[in-house]
Amino acid sequence: MEFAEVNAAFKRLGIAQEISESHGLLCGLWCASGGVSLDVWLRLMRNEDLPAPSAKENGDDGKDEEAGGNRVPAAAAAAGEDEKPAAKPDEEVLQRLYRETVDQLENPAFGLRLLLPDDEQPLGLRTEALADWCKGFLFGLGVGGVENYRQTPAAVQEIVKDFTEITRACHEENEDSELDEVSFMEVMEYVRVGAMLVYEELQAKRREQMISGDRVLH
């Protein structure tokens, strides 16, 4: 999807969060939880509280934390969108962005595309947007359930460290040059590949935990 199209939809829907940050948030949520509903993503973008699922919905003793407690409720993450009324055009834009992003993360052949301003935009603006994307991604990891990075694979820890540094990135005016452009493209590619690697590593860890759990049960 094009940045300008999503930007226009955000404005008409009254979503104040930066577009690149919102896209990073979705990617971080998906990487951390292995799946999150469109509704949860939209609520987080609007800074809305998420309802805590009941013990029955969770299939446990009701010990899942509310989203405000830094975790996406399992029931909310699994919620379907089928029973909702027909979406308006601007809502359809976000739905398409959601579906395309999920497809890109789930299928490496598609390749993740970061939602950033067009190449024609000033380099400083694109650099800030890339920092916003990383900020949203890191927030999404935390909200999605990655509460202690030390317990994640080493590759994930390294990427998180690098993304944290990128969030502090800034680009001084009047310094646009070919070297700056090349450097930006290299960092952008690192972020793109890094985000997909985080998903793969955390997905593999979830599979291992499920296998270990099955062994204990049997």
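Every read-out reported here was derived from the displayed coordinates using simple, explicitly stated rules and does not represent laboratory data. The structure displayed is predicted, hence computed values, not measured ones. Here the Cβ is made from the backbone with ideal geometry for all residues, glycine too, and neighbour counts use every protein chain on show.
Figures for the structure shown
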{"item": "Burial ordering of Leu26, Leu125, Leu202, fewest other beta-carbon atoms within 10 Å first", "result": "Leu125, Leu202, Leu26"}
{"item": "Vicinal HN-Hα couplings computed from phi for the stretch 137-153 (Karplus, 6.51 cos²θ - 1.76 cosθ + 1.60; Hz; Gly/Pro x)", "result": "4, 5, 5, x, 4, x, 5, x, x, 7, 8, 9, 5, 5, 8, 8, x"}
{"item": "Per DSSP, loop trypsin sites (Lys or Arg not before Pro) in the stretch 1-52 with at most 14 further Cβ within 10 Å", "result": "Arg46"}
{"item": "³J(HN,Hα) computed for each position of the stretch 157-168 - Karplus, 6.51 cos²θ - 1.76 cosθ + 1.60, integer Hz, glycine/proline x", "result": "4, 5, 5, 4, 4, 5, 4, 4, 5, 5, 4, 8"}
